[in-house]
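Trainee: I'd like to ask you about the structure that follows.
The values are calculated or read from the model by the stated rules, or taken from the named source; none is laboratory data. As the structure is a prediction and not an experimental result, all values here were calculated from the model. Please note: Cβ atoms are built from the backbone with ideal geometry, for glycine as well, and neighbour counts cover all protein chains shown. For the accessible areas, the whole protein counts, side chains as well, though only heavy atoms, and no ligand, DNA or RNA atoms are used. Shrake-Rupley method; radii C 1.70, N 1.55, O 1.52, S 1.80 Å.
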Amino acid sequence: MNLAVIELTSRAGGAGVGGKQDAYPTWRHPSNTRACSATVGVMWEQLSARKRCQIVGSVAAALCDRSDELIQACASPQRTDPVETITSELLPLCAALRFLAKRGPKILASRRVGMWRRPAWLIGVHSVVQRVPLGKVLVLGTWNYPLLLPGVQLAQALAAGNQVQLKPAAGTEQASQILVECFHACGVPADQLGLLDSDTSAAVGAIADGMDLIVLTGAAETGRKVLHGAADTLSASIMELSGCDAVIALPDVDERRLMDALRFGVSFNGSATCIAPRRLIVQRDQHDAIVDRLRETLADLSAIAVHPAARHSVADQIELALEAGAVDSTGRYCETRLRDEGTMYPLLLDQVTEDHEIASADIFAPVLSVISADGIDDAIRLVNDCPYRLAAGVFGPNSAAADVATRLNVGTVTVNDLIAPTADPRLPFGGRGQSGFGVTRGPEGLLAMTAAKVISRRRGSIAPHLRPRSESDQRILHGVLQLMHGGGIRKRLAGLRRMVGGVKKK
Ligand SMILES: NC(=O)c1ccc[n+]([C@@H]2O[C@H](COP(=O)([O-])OP(=O)(O)OC[C@H]3O[C@@H](n4cnc5c(N)ncnc54)[C@H](O)[C@@H]3O)[C@@H](O)[C@H]2O)c1
Ligand SMILES: C[N+](C)(C)CC=O
């Protein structure tokens with residue numbers, strides 16, 4: 001285990017670890033120390049969860065201090081508007097860090113298991129369930145949200161006491177460097193949080209070395225490759241993978257709200273959002289009205305840059321769909337523009353059916369396929385039958401939408417909204433099927449960075465299982481079984497008689 005030494009100083013006169021109760025400690029990395037009145041060598045994982053969470057929470061202020069640099073570092077052909085970096089990365093990341101500082105210690109606290117509901121045959125046993133660090137955590141970052149996604153994962157892994165390595169996605173090196181520097185500046189030791197090269201070979205090497213947890217945010221295909229590597233070392237993993245999210249429009253939907261949400265969802269972050277809407281499922285009798293309105297809604301959106309890695313596969317998918325009978329409803333799709341220049345206008349593909357490959361493809365571009373359903377059950381089936389089940393949106397009257405939401409087999413359902421509600425630091429996030437497994441973020445994401453460790457202590461001299469067996473044991477224990485779990489009062493009384501009979505014979 002890593003022997004990172006950090007220095008504890010106290011603003012209230014430098015009392016340090018053993019100092020006054022009211023001393024408010026600040027943590028400094030050795031390379032960043034100024035006046036230190038008390039110094040104690042402490043391993044990161046040995047700090048209390050409260051202190052780790054406090055340090056990690058203070059990173060929010062460091063990010064604010066460097067927000068201009070971060071906004072600049074996140075600028076890309078997909079992220080042209082600085083407002084998007086503030087709203088989709090910095091604000092939710094800082095909120096998540098503050099949440100960790102406030103709620104982390106309680107979430108990570110040990111759970112005492114005392115007398116209440118203790119099985120009678122365990123009299124004298126007292127247990128505690130601790131949440132301990134897993135050890136070495138590898139975070140494989142993606143390019144589309146380079147601060148929020150790896151940032152929360154790093155913060156939670158560190159708050160849980162782990163040693164963390166970030167492998168950033170290509171193109172996010174500068175943003176990742178600043179992110180990691182902010183953690184270091186706040187007191188996370190350099191050898192507790194490392195930054196690897198963005199080349200894939202760095203990830204492959206780290207996986208081969210053996211990790212205690214691998215957290216991947218990326219494509220489903222990458223998930224398969226990473227899992228192959230993880231199998232060799234039996235490393236645990238959390239897979240945050242691709243989506244092909246559906247929006248279901250219910251009868252009596254508020255069309256204005258639906259249009260606004262789809263316009264936002266299709267274009268936000270250059271449509272490079274794992275939970276951007278890719279399929280719109282409408283009832284047949286709503287189809288024409290909704291498609292007409294949507295065509296108008298999307299008509300004035302500017303062309304969007306598609307990531308170089310995705311251009312040709314997106315163009316292939318669209319070509320296949322058009323050949324199979326789908327219709328370019330917006331009339332602005334230009335294949336050569338997409339393939340050669342790498343940009344496209346948001347495309348409304350009408351007349352798509354579930355048999356079209358594009359209806360269940362991992363597409364990272366502004367393409368929205370319209371699929372008609374025969375009733376609500378059919379709409380739900382279309383979502384639940386898709387191999388990708390990251391999130392879904394349901395638009396319609398509240399109670400009907402809430403009912404549909406409970407029947408969808410996806411990780412997150414947003415009702416009458418898209419994407420934004422997932423930025424809440426109190427919520428976990430994760431998909432099903434080809435969209436991956438495990439969760440990050442929220443209390444559940446924090447616990448996923450820990451292992452449950454149980455310590456059971458027996459007090460007193462009662463330990464019947466340690467005594468030699470006697471002939472009457474079977475009768476007594478069979479009686480106990482019936483007395484405690486028999487179905488109905490008569491069977492329980494019979495159990496009592498059996499037990500007493502056994503005891504008398506002893
Ligand atoms: N579920 C989510 O939370 C979520 C969020 C954002 C993006 N995504 C998905 O991510 C994809 C786009 O992001 P991307 O292009 O960065 O994904 P990607 O799968 O190409 O890369 C993700 C990370 O894995 C690394 N990687 C690639 N091949 C590897 C290998 N063989 N071994 C180890 N590491 C490897 C990459 O270098 C990168 O750091 C889309 O499919 C999108 O749906 C999912
Ligand atoms: C869930 N979200 C929007 C933060 C990131 C998906 O790409």
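Trainee: In the stretch 50-98, which residues are within 16 Å of ligand 1 (Cβ to nearest atom) and not in a helix (DSSP H, G or I)?
Mentor: 76, 77, 78, 79
Trainee: State the number of residues belonging to the stretch 161-188 that are within 15 Å of ligand 1 (Cβ to nearest atom) and either among the charged types (D, E, K, R) or not assigned by TED's automatic domain parsing to the domain that holds residue 89 (or both).
Mentor: Qualifying residue count, the stretch 161-188: 2.
Conditions tested, residue by residue: (1) in contact with a Phe, Trp or Tyr (Cβ under 9 Å, 6 or more places away or on another chain); (2) surrounded by fewer than 18 Cβ atoms within 10 Å (Cβ to Cβ).
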| position | (1), (2) |
| --- | --- |
| 122 | no, yes |
| 142 | no, no |
| 147 | no, no |
| 169 | yes, no |
| 175 | no, no |
| 197 | no, yes |
| 202 | no, yes |
| 206 | no, no |
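Trainee: Sticking with this one: Do we find a residue being among the hydroxyl-bearing types (Ser, Thr, Tyr), within 31 Å of the chain's Cα centre (by Cα), assigned to a loop (DSSP other than H, G, I, E, B) and under 26 Å from residue 144 (Cβ atoms) anywhere in the stretch 340-347?
Mentor: Checked the stretch 340-347: at least one residue is among the hydroxyl-bearing types (Ser, Thr, Tyr), within 31 Å of the chain's Cα centre (by Cα), assigned to a loop (DSSP other than H, G, I, E, B) and under 26 Å from residue 144 (Cβ atoms).
Trainee: Would you pick out the residues in the stretch 348-393 that are among the charged types (D, E, K, R), away from ligand 1 (no atom under 16 Å from the Cβ) and not in a strand (DSSP E or B)?
Mentor: Passing the criteria: 354, 355, 374, 377, 378, 381, 385.
Trainee: Same structure, new question: Of the numbered conditions (1) within 16 Å of ligand 2 (Cβ to nearest atom); (2) in contact with a His (Cβ under 9 Å, 6 or more places away or on another chain); (3) under 23 Å from residue 454 (Cβ atoms), residue 114 satisfies every one except a single condition; which is it?
Mentor: The failed condition is (1).
Trainee: Does any residue of the stretch 246-265 turn out to be within 12 Å of ligand 1 (Cβ to nearest atom) and closer than 30 Å to residue 83 by Cβ?
Mentor: no
Trainee: Let me ask another. Test residue 156 against the stated conditions and say whether it is within 16 Å of ligand 2 (Cβ to nearest atom), assigned by TED's automatic domain parsing to the domain that holds residue 231 and either surrounded by fewer than 21 Cβ atoms within 10 Å (Cβ to Cβ) or part of a helix (DSSP H, G or I) (or both).
Mentor: yes
Trainee: Can you name every residue in the stretch 331-366 that is within 16 Å of ligand 2 (Cβ to nearest atom) and either outside the structural domain of residue 411 (by TED's automatic domain parsing) or at pLDDT 95 or above (or both)?
Mentor: Of all residues in the stretch 331-366, those within 16 Å of ligand 2 (Cβ to nearest atom) come to 362-366.
Within the stretch 331-366, 365, 366 meet the criteria.
Trainee: Give the stretch 413-433 a look and list any residue that's over 14 Å from residue 87 (Cβ atoms), near ligand 1 (Cβ under 10 Å from one of its atoms) and touching a helix residue (DSSP H, G or I) at 6+ places or on another chain (Cβ under 9 Å), or say none.
Mentor: Hits for the stretch 413-433 are 429, 430.
Okay, residues lined up against (1) over 17 Å from residue 259 (Cβ atoms); (2) open to solvent by 70 Å² or more (accessible area, probe 1.4 Å); (3) not in a loop (DSSP other than H, G, I, E, B):
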residue: 291; (1), (2), (3): no, no, yes
residue: 301; (1), (2), (3): no, no, no
residue: 307; (1), (2), (3): yes, no, no
residue: 314; (1), (2), (3): yes, no, yes
residue: 332; (1), (2), (3): yes, no, no
residue: 337; (1), (2), (3): yes, no, yes
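Trainee: Could you say which residue among 197, 191 is within 16 Å of ligand 1 (Cβ to nearest atom), of a type in the set (D, E, K, R) and part of a loop (DSSP other than H, G, I, E, B)? Quick ask: steps written out before the conclusion?
Mentor: On the way: 191 fails: within 16 Å of ligand 1 (Cβ to nearest atom).
Sole residue among the options that is within 16 Å of ligand 1 (Cβ to nearest atom), of a type in the set (D, E, K, R) and part of a loop (DSSP other than H, G, I, E, B): 197.
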